[in-house]
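Below is one structure; the comments refer to it alone.
The values are calculated or read from the model by the stated rules, or taken from the named source; none is laboratory data. All of these numbers come straight from a predicted model, not from anything done at the bench. We place every Cβ from the backbone using ideal geometry, glycine too, and count neighbours over all the protein chains shown. These accessible areas exclude ligands, DNA and RNA; they are computed on the full protein's heavy atoms, side chains included. Shrake-Rupley method; radii C 1.70, N 1.55, O 1.52, S 1.80 Å.
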Amino acid sequence: MLEKPQFNTQGEKIVCTQDTVHPEMLQDIRVYRMKKGQELTFGREDGETAILLTEGTVTFAWNGNTAIGSRKNVFDQPPYCLHICKGMTAKITAEEDDSEILVQSTDNDREFEAHFYTAEECKIELMGAEQWEGTAKREVLTIFDYQNAPYSNMVIGEVITKAGRWSSYVPHSHPQPEVYYYKFDHPQGFGAAFTGDQAFKITDGTALCIPGGLTHPQAAAPGYNMYYCWMIRHLDGNPWTSRDVDPVHAWLLEE
């Protein structure tokens, strides 16, 4: 369930697909590293697409609109994310070398207005700072979910787990599949992820595919801040709206 996909010669990294690579995640997730002046076009006739800037400077173009997003890295600057529905296309142009975007898509028959998310409208929560002596302190940013985009079949957000702390805590699960894509503030950074009863070493560029129903706490090694983009696929008739806390650990919420 843990993978470390690599960029191919075209600068594409495949995390999962709906047909061949972890299809149980029910979504297509890819990362692109672009050269200055390079243009990529995204969009599906049968589904929705979200394009998240993780690093560099790019121009987003869609439906006659353009916007520039610039981000030194995921730790120091907030995200830009364009969300489009089926039948729409978006062109991304890299304005500098090594610009990087993450693209999430899935099937969705609904039509909706495209939305370009900026930091000002993203909900940021500081979690765990006042519990367990701060050992689960992290910043959770939600770009869109069922609350602000009920027409979507997807959820996307970001978490920065402080060095030496735990995240996705207390242990919880949900029926919907979820994917984490990791970055560290140093290339040698690492941490640990627990999916059900399995444990994995996570490093920069790894991806964790989490089947529905499994708990998934994780921790960052001391000295290394850990980022992950979290992406959930709603189930038909059962959107993700809450977490099911592992009853064995529910007492931790009473402290």
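A few comments on the model shown:
- Verdict on Gly205 being open to solvent by 50 Å² or more (accessible area, probe 1.4 Å), assigned to a loop (DSSP other than H, G, I, E, B) and not hydrophobic (A, V, I, L, M, F, W, C): no
- Top-ranked residue of the stretch 159-202 - restricted to ones that are farther than 28 Å from Lys72 by Cα and free of Cβ contacts under 8 Å to residues at least 24 places away in the same chain, ranked as least open to solvent (accessible area, probe 1.4 Å): Gly196
- Residue within the stretch 146-153 that is more than 29 Å from Glu130 (Cα to Cα), open to solvent by 10 Å² or more (accessible area, probe 1.4 Å) and among the polar types (S, T, N, Q) present: yes
- Verdict on Thr106 being under 19 Å from Trp62 (Cα atoms), open to solvent by less than 70 Å² (accessible area, probe 1.4 Å), over 19 Å from the mean Cα position of the chain (by Cα) and among the polar types (S, T, N, Q): no
- Scan of the stretch 208-255 for residues that are within 24 Å of Glu133 (Cα to Cα), part of a loop (DSSP other than H, G, I, E, B) and hydroxyl-bearing (Ser, Thr, Tyr), ordered by number: Thr215, Tyr224
- The residues in the stretch 38-78 that are in contact (Cβ under 8 Å) with a residue 12 or more places away in the chain and assigned to a strand (DSSP E or B) can be counted, and the count is 26.
- Qualifying residue in the stretch 7-18 (condition: in a loop (DSSP other than H, G, I, E, B) and farther than 24 Å from Thr93 by Cα): yes
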